1. What percentage of the solvent-accessible surface of the chain, computed with a 1.4 Å probe over protein heavy atoms, is contributed by carbon and sulfur atoms?
2. Please compute the Kirkwood hydrodynamic radius of the range 3-199 from all pairs of different C-alpha atoms, in Å with one decimal.
3. So, by mean Cβ neighbours within 10 angstrom, what's the order for 73-80, 126-133 with the highest one leading?
4. What net charge is computed for the residues neighbouring residue 145, neighbours being all others with C-beta under 14 Å from the C-beta of residue 145, Lys and Arg scored +1, Asp and Glu -1?
5. Give, rounded to the nearest 20 debye, the magnitude of the charge dipole that the chain has about its Cα centre when Lys and Arg contribute +1 at Cβ and Asp and Glu contribute -1 at Cβ.
6. Please compute the length gained on full extension between residue 86 and residue 59, using 0.36 nm multiplied by the number of residues separating them and subtracting their Cα-Cα distance.
7. In whole Hz, with x marking every Gly and Pro, tabulate ³J(HN,Hα) for the range 25-42 from phi via Karplus 6.51 cos²θ - 1.76 cosθ + 1.60, θ = phi - 60°.
8. If you roll a 1.4 Å probe over the heavy atoms of the protein chains, what accessible area per residue do you get for the range 3-199, in Å²?
Amino acid sequence: MNYTLHNLTELDRALLPRLAEIHMGDRGLLSKLGFPFVLRYFEIAYKDPRVIGVYAQDDETGELIGYGIASPEPESLTSQLTHDKSWFIKQIIKILFTRPHVFIQLIISSITIKGQMNNDTEAIECVYFSVDPKYRGQKIGRTLQKALMDGGRAAGYKKIFASIETWNKASLSATLANGFTIVKTFREGMYHRHRLESKL
Ligand SMILES: CC(C)(COP(=O)(O)OP(=O)(O)OC[C@H]1O[C@@H](n2cnc3c(N)ncnc32)[C@H](O)[C@@H]1OP(=O)(O)O)[C@@H](O)C(=O)NCCC(=O)NCCS
């Protein structure tokens, strides 16, 4: 299967729900918050000029098969989820009543995430990368993350960070193969994560 990598800025906006759908295969907190949150997150990332984003498209069918997102300020992406107050409150109330453990995790994660970047203005965070389950195991994930590193380097950043759950062997293998090293392992509520970094 042949595929091509594109810059996120080249994506037709109408295809953002497809990226959000691919993201729902991730077992992280954003997917647990639900599809409306994921879609809104992608709309925010799509518009943010500081985001380094890539997506992979099947050359034959045109289908979107994976994406990666990196940012020098990941907290600013998540904080923008609260900007439309009535939408946010409605979503949070729904989560509070249907999935209270997700609500508690949201509080824990929003506290833990603060300061993770150590105010390093020369660093970016590999926030998410994901491949449609049908296309996994073909080094597409590794290539997407490598493209984020190349994009970060080209934009003048010197370092890249990532947090990966300790059970996530595929993500860890891809990230270690891309030259990251584990700098610490920590607990964040229900998550047990490695913190990794690499020079760019
Ligand atoms: C993580 C993810 C993007 C990897 O994408 P992928 O295209 O399948 O991965 P690759 O083919 O590039 O493989 C990367 C490495 O993981 C290994 N790997 C792939 N699938 C694996 C699995 N299920 N179990 C263990 N190792 C696996 C590969 O052998 C490869 O290792 P190598 O480079 O040492 O040979 C994909 O599994 C995914 O979308 N997962 C859900 C979302 C997610 O967890 N994203 C990361 C959040 S931190």
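1. 55
2. With all distinct Cα pairs of the range 3-199 included, I get 17.2 Å.
3. Those peptides, ordered most packed to least, come out 126-133, 73-80.
4. Neighbour charge sum, excluding residue 145 itself: +1.
5. 700
6. 5.6 nm
7. x, 8, 9, x, 5, 4, 5, 5, 5, x, 4, x, 5, 5, 4, 4, 4, 5
8. Value returned for the range 3-199: 50 Å² of accessible area per residue.
The values are calculated or read from the model by the stated rules, or taken from the named source; none is laboratory data. The structure displayed is predicted, hence computed values, not measured ones. As a convention, Cβ positions derive from the backbone with ideal geometry for all residues, glycine included, and neighbour counts pool all protein chains shown. Ligands, DNA and RNA are stripped out before the accessible areas are found, and what is left, the full protein with its side chains, is counted by its heavy atoms. Shrake-Rupley method; radii C 1.70, N 1.55, O 1.52, S 1.80 Å.
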